[in-house]
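The structure appears right after this line, and notes come after that.
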Amino acid sequence: MTPFRERKQSNERDTAGVGYQLKKTVVLVGMMGAGKTAVGTALARALNVAFRDSDHELEAAANRTIAEIFSRDGETFFRAKESQVIDRLLQAEPGILSTGGGAFLAARNRKAISHHGVSVWLNADVRLLWSRVRHKDTRPLLRTADPFATLQKIFDERVPLYQKADLSVQSDARYSIDDMVGRVIEVLLTRPDVLTRK
């Protein structure tokens, strides 16, 4: 199964030609494999704003991969640095920010995100997530004897916290990236303090 269907030639949710004003940074939260980077990149393009990725920023600052940071310094160190990076990125011009799957679990991060931006949970079920992450070796938390069982456990633990997000969008294997972008824009437009049409 491919992570997302190819971009469709025409889309009833197509946002081309529509001008938007983004007033706060949109922080995409959710599980690994939920599509935060793919949807976030396309969403930033649709809204004509910058896309930022907290994991990429952290890797650049540390000059190491996330997996290497976990291995060498441990998760506690990683989470502290992750919070610092998120705080810094929230101070930038409004844009789209993709966060690591565990970032929203910290009360400190949730508070900062709600104060400076708006959180959007990309809600994908565990089977869809598994179809997207099972062939990747870039997920340190899934380096276990039974990675699917580990993913299910992480999912069960994290969903109650993801449910605290300001907004949510249901993901589905049938949705293309453009479909998801359209759905995110629709929910953002319910918050005129975040997004308005020009």
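The values are calculated or read from the model by the stated rules, or taken from the named source; none is laboratory data. Just so it is clear, the structure is predicted and the values come from calculations on it, not from any experiment. A quick note on method: Cβ atoms are made from the backbone with ideal geometry, for glycine too, and the neighbour counts reach across all protein chains shown.
Observations, loosely collected:
- Checked against the criterion of being farther than 25 Å from Ile177 by Cα, of a type in the set (D, E, K, R) and either in contact with a Leu (Cβ under 7 Å, 6 or more places away or on another chain) or surrounded by 15 or more Cβ atoms within 10 Å (Cβ to Cβ) (or both), the candidates Arg88, Arg79, Arg132 yield just one match: Arg79.
- Residues located in segment 66-119, provided they are out of contact with any Lys or Arg (no Cβ under 8 Å at 6 or more places or on another chain), part of a helix (DSSP H, G or I) and among the polar types (S, T, N, Q): Ser71, Thr76, Gln84, Asn109, Ser114
- The set of residues in segment 48-65 that are in a helix (DSSP H, G or I) and more than 16 Å from the chain's Cα centre (by Cα) comprises Glu59, Ala60, Ala61, Ala62.
- Any hit, segment 47-54, residues being of a type in the set (Asp, Glu), surrounded by fewer than 17 Cβ atoms within 10 Å (Cβ to Cβ) and either farther than 20 Å from Arg143 by Cα or touching a residue at least 60 places away in the same chain (Cβ under 8 Å) (or both): no
- Among the candidates Gly35, Gly101, the residue that is small (Gly, Ala, Ser), at pLDDT below 90 and under 21 Å from Val159 (Cβ atoms) is uniquely Gly101.
Let's see how each residue does on (1) within 18 Å of Gly100 (Cβ to Cβ); (2) assigned to a helix (DSSP H, G or I):
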position: Thr150; (1), (2): yes, yes
position: Lys153; (1), (2): yes, yes
position: Glu157; (1), (2): yes, yes
position: Val169; (1), (2): no, no
position: Ala173; (1), (2): no, no
position: Met180; (1), (2): no, yes
position: Val184; (1), (2): no, yes
position: Val187; (1), (2): no, yes
position: Thr190; (1), (2): no, no
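- Residues of segment 171-191 satisfying the condition of being surrounded by fewer than 16 Cβ atoms within 10 Å (Cβ to Cβ) and modelled with pLDDT under 95: Asp172, Ala173, Arg174
- Failed item in (1) in a helix (DSSP H, G or I); (2) at pLDDT below 90; (3) more than 27 Å from Arg183 (Cα to Cα), with Thr138 passing the rest: (1)
- Check on Phe77, closer than 20 Å to Gly33 by Cα and free of Cβ contacts under 8 Å to residues at least 40 places away in the same chain: no
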